[in-house]
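Below you'll find the structure, written out as structure tokens, and then a few comments.
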Amino acid sequence: MPYYRSVGEVPRKRHTQFRRPDGGLYAEELIGIDGFSEESSLLYHRHLPTAIVAAETLPDPRLLEPLVANDPLLPRHLRTDDLPAGGDAVSTRFVLVGNDDLTVAAVAAVEPSGLYRNAIGDELVYVRSGHARLESVYGLLEVGPGDYVVVSMSTT
């Protein structure tokens, strides 16, 4: 049985004309993990989501400092308190461990990040201390110490 959650004003039926108060159409965007076969979000925008102003590729943080094999497998103490504070949560991450499937990074951000979209994977963010605000196409989310935030792939 599908689970639906509606936030804000939405049309009675999906994929139909949905008009703004001025008579124009809202732009519809379907965001999903695996095309039309998995869970998805249907978003309505005042402006076309395809009206991209700029796009740039950020360097893969795993390539900035080559990962070293942990062979033989040994316990590690990751001293994240020793990492320098500064920058934003996207561009100043320090990769702690990783492989082809997963990267674990830490950051002590003090500045807001610009628009960012991870098109190749989900992100899990843990807020150890301080407070953060996630502004996405799904709305505003205030988070604090001890909060986990899952940001689905392709969420701006």
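The values are calculated or read from the model by the stated rules, or taken from the named source; none is laboratory data. Owing to the predicted nature of the structure, the values given are computational and were not obtained by experimental measurement. We place every Cβ from the backbone using ideal geometry, glycine too, and count neighbours over all the protein chains shown. Ligands, DNA and RNA are stripped out before the accessible areas are found, and what is left, the full protein with its side chains, is counted by its heavy atoms. Shrake-Rupley method; radii C 1.70, N 1.55, O 1.52, S 1.80 Å.
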| Looking only at region 137-156, which residues are surrounded by 11 or more Cβ atoms within 10 Å (Cβ to Cβ) and either in contact with a strand residue (DSSP E or B) (Cβ under 7 Å, 6 or more places away or on another chain) or touching a residue at least 60 places away in the same chain (Cβ under 8 Å) (or both)? | 137, 138, 141, 143, 149, 151, 152, 153, 154, 155, 156
| Selection count where residues are out of contact with any strand residue (DSSP E or B) (no Cβ under 9 Å at 6 or more places or on another chain) and closer than 20 Å to residue 151 by Cβ, scope region 63-99 | 5
| Which members of region 4-62 meet the condition of being under 30 Å from residue 104 (Cβ atoms), among the hydroxyl-bearing types (Ser, Thr, Tyr) and outside any loop (DSSP other than H, G, I, E, B)? | 40, 41
| task | Go through the residues of region 105-115 one by one and say whether even a single one is assigned to a loop (DSSP other than H, G, I, E, B), in contact with a Gly (Cβ under 6 Å, 6 or more places away or on another chain) and of a type in the set (Val, Ile, Thr). | result | yes
| Of the residues in region 54-77, how many are open to solvent by 100 Å² or more (accessible area, probe 1.4 Å), closer than 30 Å to residue 117 by Cβ and at pLDDT 80 or above? | 2
| query | Taking region 105-123 on its own, how many of its residues are over 16 Å from residue 52 (Cα atoms) and open to solvent by less than 70 Å² (accessible area, probe 1.4 Å)? | reply | 8
| said: Could you check region 85-104 and list, in sequence order, the residues that are in a loop (DSSP other than H, G, I, E, B) and exposed (fewer than 15 other Cβ atoms within 10 Å of the Cβ)? | reply: 85, 86, 99, 100, 101, 102
| So which residues in region 116-129 are assigned to a loop (DSSP other than H, G, I, E, B), aliphatic (A, V, I, L, M) and more than 17 Å from residue 57 (Cα to Cα)? | 127
